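Heads up: the structure comes next, in structure tokens.
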Amino acid sequence: MHPIRILLADDHEVVRAGYRRLLENSTGIEVITEVASGEDAYSRYCDLHPDVVVMDLTMPGMGGLEASRRIIAHDSRAKILVFSVHENEVMLNRALDAGVLGYISKRSASAVMIEAVRRVAAGEVYVGQEMMSSLVKRTTTPDSDLVVGLSPREFEVFRLLADSKSVNEIAELLNLSPKTVGHHMTSIKSKLHIDNVAGLTRLAIRLGIITP
């Protein structure tokens, strides 16, 4: 049996080191590369085509959600397991809608990570127990109902705007023109009934999309 080949994506070196030890101490799992950004996750996936990507969502640059979307667009058979501090229905639903197979919290027990990796490698959907209430709740608040109306691209622009990125920075990160980003920003403000970036930031914090 060949080992399950893992690409590990997280921007914190200490976190990566801990998870690498955990994964490689488990029979039949091998971490073949580590990356610290969404851009590098996509690039290394295209180079190596690992069996499973273990993906953090909150990283510098375009982040894990956009990286997951690009990886799956490149290879529809890609198997991605999200491990994140975000334990809310908005991020869970966005990740599942992007096509990831698994989603667990970073506070999960070590055994959960190992089980999730094995299940995702087998092509199964795996949502950690701590996320089940979010999976059941779906979108039940006025704030989250608003965000549901954003397209995947609009949601990513919204997240980056709320995280203090400029239009030009977002354009570079998402390979778009500043004019296109501006159009998205206008649409986002209209759909969310918010007319400034400060308001977008407050909404993103309330929904747990970014941390203050």
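The values are calculated or read from the model by the stated rules, or taken from the named source; none is laboratory data. Model, not experiment: these values are computed from the prediction. For neighbour counting, all protein chains shown are included, and Cβ atoms are generated from backbone atoms with ideal geometry for every residue, glycine included.
Listing for the model above:
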quantity: Considering residues of region 78-110 that are of a type in the set (V, I, T) and not in a loop (DSSP other than H, G, I, E, B) only, the residue nearest to the chain's Cα centre (by Cα); calculated: V82
quantity: Within region 194-208, tally of residues that are in contact (Cβ under 8 Å) with a residue 24 or more places away in the chain and closer than 12 Å to L146 by Cβ; calculated: 5
quantity: Lone unmet requirement of (1) touching a strand residue (DSSP E or B) at 6+ places or on another chain (Cβ under 6 Å); (2) in a helix (DSSP H, G or I) for M113; calculated: (1)
quantity: Any hit, region 123-134, residues being at pLDDT below 95, out of contact with any His (no Cβ under 6 Å at 6 or more places or on another chain) and farther than 26 Å from L7 by Cα; calculated: yes
quantity: Those helices (runs of 4 or more DSSP H) lying entirely in region 152-212 with at least 2 residues outside the structural domain of N88 (by TED's automatic domain parsing), surrounded by fewer than 17 Cβ atoms within 10 Å (Cβ to Cβ) and among the hydrophobic types (A, V, I, L, M, F, W, C); calculated: 197-206
quantity: Filtered residues of region 39-49 (kept if surrounded by fewer than 21 Cβ atoms within 10 Å (Cβ to Cβ) and either aliphatic (A, V, I, L, M) or at negative phi (or both)); calculated: E39, D40, S43, R44, C46, D47, L48
quantity: Members of region 1-44 found to be among the acidic types (D, E), over 14 Å from M55 (Cα atoms) and touching a Pro at 6+ places or on another chain (Cβ under 8 Å), listed by number; calculated: E30
quantity: Matching residues, region 29-65, being hydrophobic (A, V, I, L, M, F, W, C) and at pLDDT below 95; calculated: L57, M59, M62, L65
